Amino acid sequence: MKKKIIILVISLFCGIFVYSQRSAQTEKRWFGMVDYHQIYSFDSRIYIPGYRLSNTDIYSAKSLRLITGYYVDPRLSVGAGISIDNYKVAGESASFPLLVDVRGYLKDSQTSPYAYLTGGYSFHTGVFYQSALFEIGIGYKIHIIKSCAINIAVGYNYKQYPNMDVIAFPSLSSYYAKQIAHSFSVGLGISF
């Protein structure tokens, strides 16, 4: 299963890169983006019907996002893609969410500050856990060479996923037990 996912990710990335380079010769409307985010939680709680348990576990997570997008306007882009998230909570839990990414740029230029909104949902498949993701933040796009820019971003990250400790108890249903984390996100990426 992991090999198939890796092959899918590499194929998608190569296709995005080739198409992006071809469209750069005319008016650039389509783009590809690879972002890496390091996520640090500042609040994480477990919710069970009738209870709200405090969880003092502070954790970190890594997120690799591959997004294909379209400039609707020189100051607005909309994209969709995939992410591979690795959360270190109750051991390690992985999710593979499908994403929607919207970015608004302050200036119509190759170097510009921007605000972004990312949302996603991951379905339970084998080693990947069902989860919901929401992130909002600000960033700066720095043009480095023709058709290539570096993205630097900071933001607020919200993640909801089943709690692994609660799932281990057969008397409690994993359907109702969930863990919600509020986190700070730092991102670095390349768009082309």
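Suppose we keep only residues that are of a type in the set (S, T, N, Q) and within 23 Å of the chain's Cα centre (by Cα) within segment 163-192. Which one would you say is modelled with the lowest pLDDT? Checking each candidate, the answer is Asn163. Within segment 58-78, the residues that satisfy the criterion of being at pLDDT below 90 and part of a strand (DSSP E or B) are Ser60, Ala61. Elements of the type strands (runs of 3 or more DSSP E) sitting completely within segment 79-162 and holding at least 1 residues that are out of contact with any Lys or Arg (no Cβ under 7 Å at 6 or more places or on another chain) and at pLDDT 85 or above: these cover 98-105, 112-122, 131-145, 148-161.
The values are calculated or read from the model by the stated rules, or taken from the named source; none is laboratory data. Keep in mind the model is a prediction, meaning the values are calculated, not measured. We place every Cβ from the backbone using ideal geometry, glycine too, and count neighbours over all the protein chains shown.
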